[in-house]
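Undergrad: Here you go, one structure.
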Number of protein chains: 2
Amino acid sequence: MTPRADPLTVEVVGLIGTVVARYYEEYEQAATEHSLTGAQARVLSLLSVEPLPMRKIAQRLKCEPSNITGIVDRLESRGLVERRPDPADRRVKLAAPTEEGASLAQALRTSLDFAREPLGRLTAAERTLLKELLQKMLGVAPE
Amino acid sequence: MTPRADPLTVEVVGLIGTVVARYYEEYEQAATEHSLTGAQARVLSLLSVEPLPMRKIAQRLKCEPSNITGIVDRLESRGLVERRPDPADRRVKLAAPTEEGASLAQALRTSLDFAREPLGRLTAAERTLLKELLQKMLGVAPE
DNA sequence: TATTGTTATACTCTATAACTATA
DNA sequence: TATAGTTATAGAGTATAACAATA
């Protein structure tokens, strides 16, 4: 019983597509301004929250673990990330941002103005309403 | 005067990020199910609306025109797209979907259930509200 | 035996620059 | 001379398969 071709749903889907396209463009642009590819920026942002095993990074990015080797290699060669041994399991390598990597991740977050600039057009009440609608749409428990 | 670190805005930005990630995953998955890459699916979808000169495709995808040559080559070698001369300008080649390409584009649209399935969780009134909020956020004229 | 990370390979996407054929 | 499309090239992301080290 999902809504199909009704004009309202089609229009909302189109709007969401526009949001997605704009978000992606701005993300890529922000990454490029910091001399990172999109994939590198995503990995660095992920690691700036907490160091992760290579395997976990692949799971978060939904790609094969073998790809992560190259991405982390490039970040490491720029001194933004380092590989640490995991004391609990010698097979595991934990990727962690260096100080420079952490501050670059911070700068990246700051320049990600998307949704902050457009959200400026909404009042606080409207933002709250949007939050609730997106939560319901995504099936996220409000609290 | 854009809202910065207030918790509400941060939360909405996070939700939009989730929507974007989910949309992209589902788009890539739908493309893969039809043995297309994401880029090929985007080009084919674009052409299914109307045939376009190579140059225009690049503008729409925001990439260099030289990339389009290869993408259209691959679609053409699978019989999904053809290059037609433009009667008005012999430099121009119009890329257009074949019958098979058009029906594949249609199938792709149908399997893009994102936003249709999640939107099913919203009532018609809520979808209208979401539409209006997104329009205001994107600076789109309501009509 | 199973798992972690890596290597090797092949394909696609990407930007840049140089080329061709038209305009 | 300018523009449309292409080719050539190099770098990056991707999946697959096979490998070494460790569990």
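Undergrad: Just how far, in whole angstrom, is region B:37-95 from region A:52-70 if you go by their alpha carbon centroids?
TA: 33 Å
Undergrad: Checking the a/c ratio against 1.5 first, then a/b against b/c, what shape does the Cα gyration tensor give for the protein assembly as shown?
TA: Because a/c hits 1.5 or more and a/b fails to exceed b/c, the protein assembly as shown counts as oblate.
Undergrad: What number does region A:62-142 give for Rg over Rh if you use C-alpha atoms and the Kirkwood radius?
TA: On the Cα set of region A:62-142, Rg over Rh gives 1.17.
Undergrad: Hey, another quick one. Sorted from shortest, what are the nm distances separating the label point of residue A:121 from equivalent points in the other copies, each placed 7 Å from Cα along Cα to C-beta?
TA: Distances to the matching label points in the other copies: 2.5 nm.
Undergrad: Which shape class, rounded, prolate or oblate, goes with chain A when its Cα gyration tensor gives a ≥ b ≥ c as root eigenvalues, a/c under 1.5 marks rounded, and past that a/b bigger than b/c marks prolate?
TA: prolate
Undergrad: Determine, for B:93, A:62, B:136, the number of other Cβ atoms within 10 Å of each Cβ, and report the residues in order from fewest to most.
TA: Least to most surrounded, the residues fall as A:62, B:136, B:93.
Undergrad: For residue B:14, place a label point 7 Å from Cα along the Cα-to-Cβ direction in every copy; what are the distances to the other copies, in nm, shortest first?
TA: When each copy's label point is compared with this one, the spacings are 3.3 nm.
Undergrad: Same structure, new question: About the Cα centre, and with charges only on the beta carbon of Lys, Arg (+1) and Asp, Glu (-1), how big is the dipole of chain B? Nearest 20 debye, please.
TA: I would put it at about 460 debye.
Undergrad: Here is a follow-up. Could you name the aspartates and glutamates whose alpha carbon sits less than 14 Å from that of residue A:62, not counting residues in the same chain fewer than 8 places away?
TA: B:25, B:26, B:28
Undergrad: Give the calculated FRET efficiency between residue B:11 and residue B:109 to the nearest 0.05, with a Förster radius of 30 Å applied to their Cβ-Cβ distance.
TA: Calculated value: 0.40.
Undergrad: What is the residue of chain A with the smallest Cβ distance to the axis taking A onto B, and what is that distance in whole Å?
TA: It is A:20, 2, counting Cβ atoms only.
Undergrad: Assuming a ≥ b ≥ c are the square roots of the Cα gyration tensor eigenvalues, decide whether region A:70-110 counts as rounded (a/c under 1.5), prolate (otherwise, with a/b larger than b/c) or oblate.
TA: Since a/c reaches 1.5 and a/b is larger than b/c, the shape of region A:70-110 is classed as prolate.
Undergrad: Share of antiparallel DSSP beta bridges in region B:18-138, in percent to the nearest 5?
TA: 100 percent
Undergrad: Could I ask something else about it? Suppose you put the label 7 Å out from Cα in the Cβ direction; list, shortest first and in nm with one decimal, how far residue A:96 is from each other copy's label.
TA: 6.1
Undergrad: Fewest Cβ neighbours within 10 Å first, please rank B:81, A:13, A:140 accordingly.
TA: So the ranking, lowest neighbour count to highest, is A:140, A:13, B:81.
Quick note: the coordinates plus some simple rules give every number you see, no bench work behind them. Given the structure is predicted, the values throughout are model-derived calculations rather than measurements. Note: ideal-geometry Cβ built from the backbone for every residue, glycine included; neighbour counts use all protein chains shown.
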